[in-house]
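**Q** Take this structure first; my questions come after.
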Amino acid sequence: MPAASDRLPVLVAGGGIGGLAAALALVRRGHAVKVLEQAGEIGEIGAGIQLGPNAFAALDALGVGERARRRAVYTDCMVMHDAINEYEVGRIPTGEAFRARFGNPYAVIHRVDVHLSLLEGVRESGRVEFLTSTRVARIDQDAHGVTAIDEHGNRHRGCALIGADGVKSVVRQQFVGDPARVTGHVVYRAVVDRADFPADLQWNAASIWVGPNCHLVHYPLRGGEQYNVVVTFHSRDIEHWGVREGSAAEVRSYFQDICPKARQLIDLPRSWKRWATADREPIGQWTYGRVTLLGDAAHPTTQYMAQGACVAMEDAVTLGEALRAHDDDWSAALDRYQRSRIARTARIVLSSREMGRIYHARGVERLVRNDLWRGRSPERFYDALEWLYGWTVQNCLAAEPARPA
């Protein structure tokens, strides 16, 4: 547990899913935490997200698994169709056999409900202070702690700082300074009420329709009363990383050749949010003294593996376990945390890029994609997913790579 010299709080830059998960992991180790959030209030935006078994393992380790379970929708399968001809490319059952294999379910949930589950746990701890409208501008550190200077010149002292400030992390910019890799892929997201959603698509499944340079996703939320709708396409314009209001006319212009069944999706939302996506090249160092990165600040990724929130919560649990393993020695713990996470998260970033290529295949490559999983049994799918979904709190430090000779 924390020594007397570490009575300062741990500073967490960012109050999103990663930041709250980090706060929970830290208070469970006995630390007080101060969360510095640039927004005017603690909250979350977005639509639906998918939670693999690894996410539930992390939520359980953080003490809020049951809260999230009550808010999730449990799917019967994950299914991929060709958006041109409705061919079923692949189907992965996520029922009892899936749960038996991975020890946890696969589910879909509103992003806000994951954030709320974490926030409730944080507030009940009584050991987390929130400062909103507080954007970290610079970080100084010495042998005994860290000082975060916000944009108003206020100084916040802590024993360490966790940079969980998202894809455009100020903490990463100071210590790494690497450029974003803008993909040119644009994502539109919306939530549609069940009454307005096509009856012939009301499947209890995480469903994806894959087409040339595009794809569409839908699945139920909040007990099936709403449906998440996501469409992605390769933009014909030069894109700049960011979020803004979307245009239904723009969406329609990219989905002229897909089958009528899938095309229903793009005419449903009354309003869209538009994301121009980016990731960054994986890096081999994200800990600097008593400062480390977590979640999208450490390993921003595209959405094709549906793992962004999942691995941010994994990061938080691994950080807590590293502190436990090293008796809250920050230098040793942050080094162990980093070495335990770099290879796994880099694999997810790179796999997500490749999955985007598979989804958006065209021409002969599309035919190869459609033949790729023909006749594959559920067990073979599960074997292929073991590396991803087999993560648990018990093995999170076992992934640590050997030190170079």
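The values are calculated or read from the model by the stated rules, or taken from the named source; none is laboratory data. What you see is a predicted model, and the numbers here were worked out from it, not measured in a lab. In this analysis, Cβ positions are derived from the backbone assuming ideal geometry, glycine residues included, and neighbour counts consider all displayed protein chains.
**Q** Is it the case, given these coordinates, that Arg341 is basic (Lys, Arg) and either surrounded by 20 or more Cβ atoms within 10 Å (Cβ to Cβ) or closer than 16 Å to Gly52 by Cβ (or both)? Before the answer, list the steps.
**A** Details: basic (Lys, Arg): yes; either surrounded by 20 or more Cβ atoms within 10 Å (Cβ to Cβ) or closer than 16 Å to Gly52 by Cβ (or both): yes.
Judged against the criteria, Arg341 is a match.
**Q** Hey, does the range 281-296 have a residue that's in a helix (DSSP H, G or I), at pLDDT 95 or above and closer than 24 Å to Val182 by Cβ?
**A** Applying the first criterion (in a helix (DSSP H, G or I)) to the range 281-296 yields 295-296.
Filter again for at pLDDT 95 or above, leaving 295-296.
Within this subset, residues satisfying the condition of being closer than 24 Å to Val182 by Cβ are 295-296.
Scanning the range 281-296, I find at least one residue that is in a helix (DSSP H, G or I), at pLDDT 95 or above and closer than 24 Å to Val182 by Cβ, so the answer is yes.
**Q** Looking at Glu120, Glu96, which one is without any contact (Cβ under 8 Å) to a residue 24 or more places away in the chain and of a type in the set (Asp, Glu)? Spell out the reasoning first.
**A** Working: Glu120 fails: without any contact (Cβ under 8 Å) to a residue 24 or more places away in the chain.
Result: Glu96 is the single residue among Glu120, Glu96 that is without any contact (Cβ under 8 Å) to a residue 24 or more places away in the chain and of a type in the set (Asp, Glu).
**Q** Out of the residues in the range 188-222 meeting the condition of being out of contact with any strand residue (DSSP E or B) (no Cβ under 7 Å at 6 or more places or on another chain) and farther than 20 Å from Met80 by Cα, tell me which one is surrounded by the fewest Cβ atoms within 10 Å (Cβ to Cβ).
**A** Only one residue tops the list, namely Ala195.
**Q** Can you go through Ser169, Ser235 and tell me which one is surrounded by 15 or more Cβ atoms within 10 Å (Cβ to Cβ) and either closer than 23 Å to Tyr359 by Cα or β-branched (Val, Ile, Thr) (or both)? Please lay out each step first, then the result.
**A** Working: Ser169 fails: either closer than 23 Å to Tyr359 by Cα or β-branched (Val, Ile, Thr) (or both).
When all the criteria are applied, what remains is Ser235.
**Q** Please go through the range 115-143 and pick out each residue that is surrounded by 14 or more Cβ atoms within 10 Å (Cβ to Cβ) and farther than 21 Å from Leu36 by Cβ.
**A** Answer for the range 115-143, where residues must be surrounded by 14 or more Cβ atoms within 10 Å (Cβ to Cβ) and farther than 21 Å from Leu36 by Cβ: just Ser117.
Per-residue answers, yes or no, for (1) of a type outside the set (Gly, Ala, Ser); (2) at pLDDT 95 or above:
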site: Ala137; (1), (2): no, yes
site: Arg155; (1), (2): yes, yes
site: Ile162; (1), (2): yes, yes
site: Gly166; (1), (2): no, no
site: Gln174; (1), (2): yes, yes
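**Q** All but one of (1) closer than 20 Å to Val122 by Cβ; (2) surrounded by fewer than 22 Cβ atoms within 10 Å (Cβ to Cβ); (3) at pLDDT 95 or above hold for Gly18; state the number of the condition that does not hold.
**A** Against the list (1) closer than 20 Å to Val122 by Cβ; (2) surrounded by fewer than 22 Cβ atoms within 10 Å (Cβ to Cβ); (3) at pLDDT 95 or above, Gly18 comes up short only on (2).
**Q** Would you confirm whether or not the range 265-282 contains a residue that is in contact (Cβ under 8 Å) with a residue 60 or more places away in the chain, over 24 Å from Ala47 (Cβ atoms) and small (Gly, Ala, Ser)?
**A** The answer is no, given that none of the residues of the range 265-282 is in contact (Cβ under 8 Å) with a residue 60 or more places away in the chain, over 24 Å from Ala47 (Cβ atoms) and small (Gly, Ala, Ser).
**Q** Quick one: which of Ile92, Ile45, Ile49 is buried (at least 19 other Cβ atoms within 10 Å of the Cβ), modelled with pLDDT under 95 and not in a helix (DSSP H, G or I)?
**A** Ile49
For every residue, the table says whether it meets (1) farther than 30 Å from Gly14 by Cα; (2) touching a Ser or Thr at 6+ places or on another chain (Cβ under 8 Å); (3) part of a loop (DSSP other than H, G, I, E, B).
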position: Gln174; (1), (2), (3): no, no, no
position: Pro179; (1), (2), (3): no, no, yes
position: Ala206; (1), (2), (3): no, yes, no
position: Tyr219; (1), (2), (3): no, yes, no
position: Asp237; (1), (2), (3): yes, no, yes
position: Glu250; (1), (2), (3): yes, no, no
position: Phe255; (1), (2), (3): yes, no, yes
position: Ala262; (1), (2), (3): yes, no, no
position: Ile266; (1), (2), (3): yes, no, no
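**Q** Tell me whether the range 91-109 contains one or more residues that are over 17 Å from the mean Cα position of the chain (by Cα) and farther than 18 Å from Glu386 by Cβ.
**A** yes
**Q** May I pose another question? Return only the number of the condition from (1) modelled with pLDDT of 95 or more; (2) under 26 Å from Val231 (Cα atoms); (3) not hydrophobic (A, V, I, L, M, F, W, C) that Asn104 does not satisfy.
**A** (2)
**Q** Regarding Arg270, is this residue over 30 Å from Leu26 (Cα atoms) and not in a helix (DSSP H, G or I)?
**A** Details: over 30 Å from Leu26 (Cα atoms): yes; not in a helix (DSSP H, G or I): yes.
Yes: the conditions hold for Arg270.
**Q** Still on this structure: Which condition from (1) surrounded by 20 or more Cβ atoms within 10 Å (Cβ to Cβ); (2) part of a helix (DSSP H, G or I) is the one that Thr277 breaks?
**A** Thr277 satisfies all of (1) surrounded by 20 or more Cβ atoms within 10 Å (Cβ to Cβ); (2) part of a helix (DSSP H, G or I) except (2).
**Q** Name the pairs whose Cβ atoms lie under 7 Å apart, with the first residue in the range 347-358 and over 12 Å from Gln307 (Cα atoms) and in contact (Cβ under 8 Å) with a residue 12 or more places away in the chain, the second of a type in the set (Lys, Arg) and part of a helix (DSSP H, G or I), and 6 or more positions between them or separate chains?
**A** Sorted first by the residue in the range 347-358, then by its partner, the pairs are Ile358/Arg369.
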